[in-house]
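The values are calculated or read from the model by the stated rules, or taken from the named source; none is laboratory data. Quick caveat: nothing in here was measured; it's all calculated off a predicted structure. Virtual Cβ from ideal backbone geometry, glycine too; neighbours counted across all protein chains shown. For accessibility, only protein heavy atoms count, side chains too; no ligands or nucleic acids. Shrake-Rupley method; radii C 1.70, N 1.55, O 1.52, S 1.80 Å.
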Amino acid sequence: MDVITDISPLRTRLRHESSIAFVPTMGGLHEGHLSLIRVARQHRECVVASIFVNRLQFAPTEDFDRYPRTLEQDCALLEEQGVHVVFAPEERTLYPAPQEFTVEPSPIANMLEGKYRPGFFRGVATVVLKLFNIVQPQTAVLGKKDYQQLHIVRELVRQFNLPIEIVAGETVRAPDNLALSSRNRYLSNEERAEATRLYQVLSQVKREIEGGNRNFAGLEENAMKTLISHGWNADYVSIRERDTLAPAQPRDGNMVVLGAGRLGKTRLIDNLEIIPKKE
Ligand code: PAF
């Protein structure tokens with residue numbers, strides 16, 4: 001496995017590769033990322049992963065400074081999974097000057113996560129476009145855990161006509177169903193025990209809708225109340241149409257319920273796809 005930190009040697013290394021699957025990450029790797037690598041391996045011959053904590057997608061109040069940076073351990077895990085190339089640039093390599101051209105994503109980026117993390121998706125879309133330009137993959141694999149991010153990257157590729165197939169990887173969960181996240185390591189023991197409640201309330205919403213309940217506002221409100229009564233600083237629980245992420249309508253077929261909130265200082269997100277009964 002080659003670990004490359006600069007753009008020019010990376011381009012030289014990849015010049016003759018015509019079948020590249022790319023997994024962008026911010027490091028702090030866990031089984032969720034590794035499952036994306038395995039998906040990438042099934043799609044293309046050469047697997048490239050990037051590790052870069054992207055300042056542009058963090059608000060000044062967020063955890064940029066304490067975000068886990070575990071490069072050596074991450075590289076060992078990626079090597080075990082058969083990754084061919086790791087691109088791990090320094091900040092000055094990707095942003096040698098302030099990034100003044102940015103990608104302004106579609107209005108959906110101002111809802112859900114975007115409402116609570118203004119500018120987040122601008123930062124994500126901008127770095128993803130840069131990484132796609134540098135790596136020039138034929139396939140990129142992103143996780144469903146960041147459902148809205150996946151949606152926005154798909155739109156980025158579609159609207160900028162990038163010749164890249166986006167493949168979605170399933171969310172990987174701990175035995176108690178907490179979605180794996182690099183941020184789970186911030187949780188205290190008590191918070192970790194409580195953290196699985198997000199999955200539980202989303203599962204309850206999913207069950208209700210799959211059982212025929214169409215009172216979406218009521219379901220969202222109950223879910224929020226449950227989280228708040230257990231000490232969560234809940235941001236949203238929202239039922240959305242799956243392809244557009246517009247608020248779901250009773251007649252919608254494919255839906256997804258997304259939720260986010262803070263436990264102590266740690267912000268957690270999760271979602272579950274809903275497959276309603278045919279009427
Ligand atoms: O999901 C992430 O880890 C990041 O948002 C990404 C896609 C690597 C962009 O920095």
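Test of understanding: extend the Cα→C-beta vector of Phe101 to 7 Å, then name every residue of the range 46-64 with backbone N under 19 Å from that spot. Under 19 Å, as judged by backbone N against the label point of Phe101, lie 56-57 of the range 46-64.
Per atom type, the chain shows carbon and sulfur on 49% of its accessible surface, probed at 1.4 Å. DSSP finds beta bridges in the chain, and of those with both partners inside it, around 50 percent are antiparallel.
Backbone amide hydrogens, once placed in the peptide plane, bring Met26 within less than 5 Å of Phe52, excluding anything fewer than 5 places away on its chain. Toward the positive end of the charge dipole of the chain, with +1 on the Cβ of Lys and Arg and -1 on the Cβ of Asp and Glu, the farthest Cα among Ala97, Ile7, Leu245 is that of Leu245.
Placing a pseudo-label 7 Å from each Cα along the Cα-to-Cβ vector at Gln73 and Ile275 gives an inter-label distance of 3.6 nm. Electrostatic bookkeeping for Gly28 treats Lys and Arg as +1 and Asp and Glu as -1; over the other residues with beta carbon under 9 Å from its beta carbon, the sum is +2.
Accessible surface area normalised per residue over the chain is 49 Å², counting heavy atoms of protein chains with a 1.4 Å rolling probe. The phi-based Karplus calculation (6.51 cos²θ - 1.76 cosθ + 1.60; θ = phi - 60°) puts the 3J(HN,Hα) values of the range 103-111 at 8, 9, x, 5, x, 4, 6, 8, 9 Hz, whole numbers, x for Gly and Pro. Cα centroids of the range 193-238 and the range 1-50: 36 Å apart.
Sorting the segments 267-277, 110-120 by their mean number of nearby beta carbons within 10 angstrom, highest to lowest, gives 267-277, 110-120.
Hey, what angle do you get for helix 31-43 against the long axis of the chain, alpha-carbon based, 0 to 90 degrees rounded to 10? Helix 31-43 sits at roughly 60 degrees to that axis.
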